[in-house]
Amino acid sequence: MTSYADFYRQSIDQPDAFWSEQAKLIEWHKPFDRVCNYDNPPFVQWFEGGQTNLCHNAVDRHLADRAGQAALIAISSETGSERTYTFQDLHGEVQRMAASLKALGVAKGDRVLIYMPMIAEAAFAMLACARIGAIHCVVFGGFASGSLASRIEDAAPKVIVSADAGSRGGKALAYKPLLDEAIRLSSHKPDAVLLVDRGLASMEWVAGRDHLWNELRETHADAHVPCEWLDSTAISYTIYTSGTTGKPKGVQRDTGGYTVALAASMKHIFDGRAGETFFSTSDIGWVVGHSYIVYGPLIAGMATIMYEGLPTQGMDKQPHGGIWWELVEKYRVTVMFSAPTAVRVLKRQDPALLTKYDLSSLRALFLAGEPLDEPTARWISEGLNVPIIDNYWQTESGWPILTIANGVEKKPSKFGSPGIPMYGYNVKLLHESTGEELTVPGEKGVVVIEGPTPPGFMQTIWKDDKRFVDTYWKSVPSKLVYSTFDWGIRDADGYYFILGRTDDVINVAGHRLGTREIEESISGHPQVAEVAVVGVADALKGQVAMAFAVLKDSSLAQDSAAALKLEGEIMKLVDGDLGAVARPARVRFVTALPKTRSGKLLRRAIQAVCEGRDAGDLTTMDDPAALQQIKDKVAV
Ligand code: ATP
Ligand code: MG
């Protein structure tokens with residue numbers, strides 16, 4: 001067995017040899033002539049001359065060996081439906097969808113915008129686009145008209161695929177009126193809209209433009225639509241970043257590099273094997289949903305679970321709080337993927353739910369998307385008794401940048417660290433102002449990646465090469481390096497620790513403090529379930545830290561004596577961990593924190609509210625009431 005250190009070194013020192021080996025994990029229609037073209041940095045072309053197809057590798061390829069095996073398991077605790085599609089079934093559905101899209105005028109290179117809930121048809125639509133060489137642009141189904149309109153404008157889709165409604169917590173959320181309004185707001189109009197009718201909400205029909213999937217599916221019941229062989233460098237899709245730090249960016253990805261990157265990550269990182277089941281709790285609207293609900297597991301010949309519904313007990317006990325674990329037991333899930341924010345939600349439930357089901361099939365739980373605080377990691381790791389594998393990446397990268405590659409060599413995880421650089425990523429830490437490389441363990445710097453970026457990494461920003469270069473590659477004046485805009489440190493063993501985003505730094509009386517470090521300290525208090533720290537302008541000190549915490553037992557916050565006592569304890573805790581400069585000026589207790597629909601903290605909005613400013617564009621926000629609570633608490 002190769003050591004991971006050797007594996008990694010080869011990927012950096014001999015990328016051509018390394019990646020041509022990985023490229024064997026997928027099927028090519030035509031072999032490539034050149035592995036890596038980095039003649040025009042920072043733009044990289046992977047596997048030039050080669051031709052392949054994502055859908056072929058995810059579906060058709062498996063028909064020979066596992067046609068009758070489960071491929072897509074679509075479960076909705078909202079509608080009470082549960083259906084397993086074999087690879088054979090999926091092949092049929094994807095061709096029906098592909099034929100329908102073609103009938104609506106979609107051709108190779110056209111964009112198809114997908115605005116859908118977590119239902120099987122969303123995966124059919126993605127795979128169908130990949131099959132015919134159309135570029136999909138999935139927009140999270142929780143977004144309202146404004147966010148959707150700006151994405152329609154940017155992507156200029158020929159066709160939009162949507163549904164009558166999604167459902168959350170037992171309540172149907174009509175999509176069609178939001179979509180109609182978004183199309184009205186956008187100057188670009190699609191030629192056609194293809195709608196899945198789930199029977200959840202009535203739809204106002206736009207004659208000539210709107211088409212019903214339920215009908216087209218019948219028309220194309222026996223459709224045979226072969227895969228379009230695409231150049232490796234052809235665009236597979238675009239996806240917008242979460243927008244936590246500003247205007248969302250349309251991340252553009254290729255075909256061959258992405259397919260290879262996913263196949264390699266399934267083997268070396270996730271250690272998922274053909275015939276097994278993968279369960280990612282994310283949403284198709286996010287990059288995790290693209291890479292590890294739809295494409296990655298299918299490329300690996302695994303069944304993938306698509307789950308629509310809450311992770312916790314909903315109204316009428318539907319679903320129950322152990323739903324995820326029940327699914328793990330029922331479908332013998334071997335690899336699971338979720339986010340720290342979801343685990344923190346589970347933490348407020350009875351921990352006995354974690355041990356009620358037979359989880360013996362589960363090999364690991366991967367968590368990504370935001371910093372994984374140690375108490376949360378310990379809680380879930382002890383509760384499930386499986387390894388918890390933190391992994392750090394971005395919409396831009398498409399697959400993990402930092403984690404542990406247990407499929408190459410088993411290595412211990414360290415609490416608080418997502419791990420070490422993955423093969424293909426030449427990760428460095430740079431001094432924030434001089435741009436010097438930091439080599440001494442424990443020094444804090446900006447996490448950057450030296451080009452060429454590996455297969456699967458974004459090609460550019462859709463329609464805007466200049467914004468791509470200016471946004472990501474120009475933060476260090478003298479060097480062409482990709483900035484992640486995250487702070488990190490590296491320990492003597494090469495493990496990285498992410499200390500937050502470069503714009504989440506506060507300056508208290510001349511001391512620069514990461515809000516993330518203060519949050520980590522506060523999370524150590526046994527009563528705290530979740531916390532957000534922001535810097536607020538202060539006449540005397542420049543800025544002071546303000547903390548907003550969600551307690552495990554929310555009744556404590558109602559009791560003002562108890563709240564005061566807790567505030568004191570938390571301040572003491574921070575004093576002890578980080579020193580009195582980091583002590584928050586105030587700790588306020590709330591029942592929810594404002595987050596994006598993907599569960600990321602909206603620190604900028606909290607900060608704006610604390611400073612009495614307008615919180616800005618909050619269309620991507622999950623729960624507006626959470627921000628109101630902060631407003632109320634700041635007022636007192
Ligand atoms: P935008 O770029 O539009 O502001 P975003 O950065 O929130 O949005 P994503 O690409 O979904 O959009 O998130 C990537 C970011 O999430 C990383 O840059 C990092 O800040 C954070 N992140 C992801 N995984 C981890 C992790 N395991 N540990 C710490 N932080 C993480
Ligand atoms: Mg980002």
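The values are calculated or read from the model by the stated rules, or taken from the named source; none is laboratory data. Bear in mind the structure is a predicted one, so any value in this text is a computation, not a measurement. Because the Cβ atoms are built from the backbone with ideal geometry, glycine has one as well, and the counts that use them run over all protein chains shown. Accessible surface areas use protein heavy atoms only, side chains included; no ligands, DNA or RNA. Shrake-Rupley method; radii C 1.70, N 1.55, O 1.52, S 1.80 Å.
General observations
- Of all the criteria given as (1) within 27 Å of TYR295 (Cβ to Cβ); (2) within 19 Å of the chain's Cα centre (by Cα); (3) among the hydroxyl-bearing types (Ser, Thr, Tyr), the one not satisfied by TYR482 is (2).
- Residue under evaluation ARG273, criteria (1) basic (Lys, Arg); (2) within 17 Å of the chain's Cα centre (by Cα); (3) at pLDDT 95 or above, criterion not met: (2)
- Restricting VAL427, VAL448 to those that are within 16 Å of ligand 1 (Cβ to nearest atom), among the aliphatic types (A, V, I, L, M), outside any loop (DSSP other than H, G, I, E, B) and in contact with a Pro (Cβ under 8 Å, 6 or more places away or on another chain) reduces the list to VAL427.
- Residues that are over 20 Å from GLU520 (Cβ atoms), outside any loop (DSSP other than H, G, I, E, B) and of a type in the set (Lys, Arg) do not occur anywhere in region 394-414.
- Residue within region 546-566 that is touching a helix residue (DSSP H, G or I) at 6+ places or on another chain (Cβ under 9 Å), within 16 Å of ligand 1 (Cβ to nearest atom) and among the small types (Gly, Ala, Ser) present: no
- Residue in region 590-599 that is polar (S, T, N, Q), farther than 20 Å from VAL343 by Cβ and open to solvent by 10 Å² or more (accessible area, probe 1.4 Å) present: no
- Test: residue in region 371-379 that is acidic (Asp, Glu), closer than 21 Å to GLN527 by Cβ, within 15 Å of ligand 1 (Cβ to nearest atom) and open to solvent by 20 Å² or more (accessible area, probe 1.4 Å): yes
- Against the list (1) at pLDDT 95 or above; (2) open to solvent by 10 Å² or more (accessible area, probe 1.4 Å), the condition GLY133 fails is (2).
- Restricting attention to region 369-420 and to residues that are within 22 Å of SER291 (Cβ to Cβ) and modelled with pLDDT under 90, the residue that is nearest to ligand 2 (Cβ to nearest atom) turns out to be GLU370.
- Restricting attention to region 133-164, the residues that are on the phi < 0 side of the Ramachandran plot and not in a strand (DSSP E or B) add up to 19.
- Among residues of region 265-278 that are in contact (Cβ under 8 Å) with a residue 40 or more places away in the chain, those with a Cβ under 8 angstrom from a residue that is of a type in the set (Lys, Arg) and assigned to a loop (DSSP other than H, G, I, E, B), sequence gap 6+ or separate chain, pair up as ASP271/ARG363; GLU276/ARG332; THR277/ARG332.
- Out of ALA342, ALA368, ALA405, ALA352, sole residue that is surrounded by fewer than 21 Cβ atoms within 10 Å (Cβ to Cβ) and within 16 Å of ligand 1 (Cβ to nearest atom): ALA342
- Flag for GLU181 being in contact with a helix residue (DSSP H, G or I) (Cβ under 7 Å, 6 or more places away or on another chain) and at negative phi: yes
- Considering residues of region 447-479 that are under 19 Å from GLN252 (Cβ atoms) and hydrophobic (A, V, I, L, M, F, W, C) only, the residue surrounded by the fewest Cβ atoms within 10 Å (Cβ to Cβ): VAL469
- Just one of the listed residues (THR434, THR453) is polar (S, T, N, Q), out of contact with any Leu (no Cβ under 6 Å at 6 or more places or on another chain), more than 15 Å from ligand 1 (Cβ to nearest atom) and outside any strand (DSSP E or B), and it is THR434.
- Where PHE415 falls short, out of the listed (1) away from ligand 1 (no atom under 16 Å from the Cβ); (2) hydrophobic (A, V, I, L, M, F, W, C); (3) open to solvent by 40 Å² or more (accessible area, probe 1.4 Å): (1)
- Odd one out for LEU556, checked against (1) at pLDDT 90 or above; (2) surrounded by fewer than 21 Cβ atoms within 10 Å (Cβ to Cβ); (3) in a helix (DSSP H, G or I): (1)
- Considering residues of region 492-517 that are in contact with a Phe, Trp or Tyr (Cβ under 7 Å, 6 or more places away or on another chain) and open to solvent by less than 60 Å² (accessible area, probe 1.4 Å) only, the residue nearest to ligand 1 (Cβ to nearest atom): ILE498
- Taking first residues from region 376-398 that are within 22 Å of ALA529 (Cβ to Cβ) and of a type in the set (Asp, Glu) and partners that are part of a helix (DSSP H, G or I) and away from ligand 2 (no atom under 16 Å from the Cβ), the Cβ contacts under 8 Å between residues at least 6 apart in sequence or on separate chains come to ASP390/ALA377.
- Counting only helices (runs of 4 or more DSSP H) that sit wholly inside region 36-118, those with at least 3 residues that are surrounded by fewer than 24 Cβ atoms within 10 Å (Cβ to Cβ) are 63-66, 87-103.
- Lone qualifier among ILE506, ILE518, ILE606 - being without any contact (Cβ under 8 Å) to a residue 60 or more places away in the chain and outside any loop (DSSP other than H, G, I, E, B): ILE506
- Which numbered condition SER167 misses (of (1) assigned to a strand (DSSP E or B); (2) open to solvent by 60 Å² or more (accessible area, probe 1.4 Å); (3) of a type in the set (Gly, Ala, Ser)): (2)
- For the residues LEU173, LEU178, LEU185, the requirement of being under 13 Å from ALA144 (Cβ atoms) and more than 27 Å from the chain's Cα centre (by Cα) singles out LEU185.
To keep it simple, each residue is scored yes or no on (1) among the hydroxyl-bearing types (Ser, Thr, Tyr); (2) touching a strand residue (DSSP E or B) at 6+ places or on another chain (Cβ under 7 Å); (3) surrounded by fewer than 23 Cβ atoms within 10 Å (Cβ to Cβ).
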site: VAL328; (1), (2), (3): no, yes, no
site: VAL335; (1), (2), (3): no, yes, no
site: SER360; (1), (2), (3): yes, no, yes
site: VAL386; (1), (2), (3): no, yes, yes
site: LYS411; (1), (2), (3): no, no, yes
